[in-house]
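The values are calculated or read from the model by the stated rules, or taken from the named source; none is laboratory data. Only a predicted model underlies this, so the values are computations on that prediction, with no experimental measurement involved. Backbone-built Cβ (ideal geometry, glycine too); neighbour counts: all protein chains shown. Ligands, DNA and RNA are excluded from the accessible area calculation, which covers all protein heavy atoms including side chains. Shrake-Rupley method; radii C 1.70, N 1.55, O 1.52, S 1.80 Å.
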Amino acid sequence: MPPHHKKKEKEYPSSRYVKDIKSADVWSVFKIIADFVQGFDELGDLGPSVTIFGSARVDENHPYYLQAMELSSMLGARGYNVITGGGPGVMEAANRGAYEHEDVESIGLNIELASEQQPNPYITKGRSFDYFFSRKVMLVKYSMAYVIFPGGFGTLDEMFEALTLIQTRKVWGVRLFIIGTEFYTPLIQFIRDKMLAEGMIDEADLKLMILTDDLSFVVKEIEKSLIAQMVTLEKEGLDDTKYYQVLSSYMADRDKIDESSI
C-alpha cells in the first residue's frame, strides 16, 4: 500500500453521536438548538395533549399494544392529542388509537438511532430528533399527563425523568399514570421498601405515581389535570399566554358539545 494512502478506520454506529458530544464542535451546538427551535415551532400550538410511553418491542397482538391503542382512542374521542416517541410497539399503538380521530393530532417524536428506528405509519404530526435530551423535553413540555406502559430502559428513563420534573415542580398540574399493575408492582414495592424506607424520597412522593389498569379512570383523572393546569396558569398570571388560550378554547368547545347532548 502506498505510504500516502491511509487505511480507512471502521466507523461504528455510535461514532457520529460520540463525535458530536465529545468534540465540542460548535456545529453540534447549532444542531442542538435546531432540535429545540423546530420542536417549539411545530408543537407550540397544540391543544390539550397526553404523552404515552412504552416498549417498542411488542407486536399488535400483545395485550399492552391493545391497551395503549384503546386508551389513546378514548383520549382522542375526548379531544386530546396523543404524543409518543414515534416508533413501533406501544408508541405505534398509541398513535394508532389517536389516528382514528380526525379532530386530534397523533404526534410522533422519533429519535435517530444506530438501529434506524422508523416512524410508525399512524402519525399526523411528526419530527425526528438527533438527541435524546431535546426529544425528551418535547415529549413532556406540551402534555398535561404522562402515561407509562411497560417497557425497557428507555421507558424507565422517561418515567423517572417525568417524576423528577413533577417532584421538583418544574412542571405544574401534571399527572403520571402507570399502566400494568403486574409488571410494575415489584418496582413500586422497591420504591416503597427501599427508597422511602431509607429516606431517599418522602411519603408524598409516592402519590406522584398512580398505578392502575383502569383506562376509564385514567381518562377521568386526565380531565381533572386539564382543569388543574388552567387554574395554575391563572394563579401564575399566565392566562394571557397562547397555551392558556388554546386550553380555554378547548374547554369552551367541550362545554358546547356537552350542552348540545343534554
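Identify, from the list Ala197, Ala252, the residue that is modelled with pLDDT of 85 or more and over 15 Å from Ile148 (Cβ atoms).
Details: Ala252 fails: modelled with pLDDT of 85 or more.
Ala197 is the lone residue from the list that is modelled with pLDDT of 85 or more and over 15 Å from Ile148 (Cβ atoms).
Which of the residues spanning the stretch 58-73 are in a loop (DSSP other than H, G, I, E, B) and either of a type in the set (Val, Ile, Thr) or in contact with a helix residue (DSSP H, G or I) (Cβ under 9 Å, 6 or more places away or on another chain) (or both)? Explain how you work it out, then say what you get.
Start the filter on the stretch 58-73 by keeping residues that are in a loop (DSSP other than H, G, I, E, B), which leaves 58-62.
Answer for the stretch 58-73, where residues must be in a loop (DSSP other than H, G, I, E, B) and either of a type in the set (Val, Ile, Thr) or in contact with a helix residue (DSSP H, G or I) (Cβ under 9 Å, 6 or more places away or on another chain) (or both): Val58, Asp59, Glu60, His62.
Say whether the condition of being without any contact (Cβ under 8 Å) to a residue 40 or more places away in the chain, open to solvent by 40 Å² or more (accessible area, probe 1.4 Å) and either of a type in the set (Phe, Trp, Tyr) or assigned to a helix (DSSP H, G or I) (or both) is met by at least one residue in the stretch 129-144.
yes
Applying the selection to the stretch 92-116, what residues are open to solvent by 40 Å² or more (accessible area, probe 1.4 Å), within 26 Å of Phe40 (Cβ to Cβ) and either touching a residue at least 60 places away in the same chain (Cβ under 8 Å) or aromatic (Phe, Trp, Tyr) (or both)?
Within the stretch 92-116, Tyr99 is the sole residue that qualifies.
Collect the residues in the stretch 65-91 that are under 19 Å from Arg127 (Cβ atoms) and open to solvent by 10 Å² or more (accessible area, probe 1.4 Å), keeping them in residue-number order.
Asn81, Pro88, Met91
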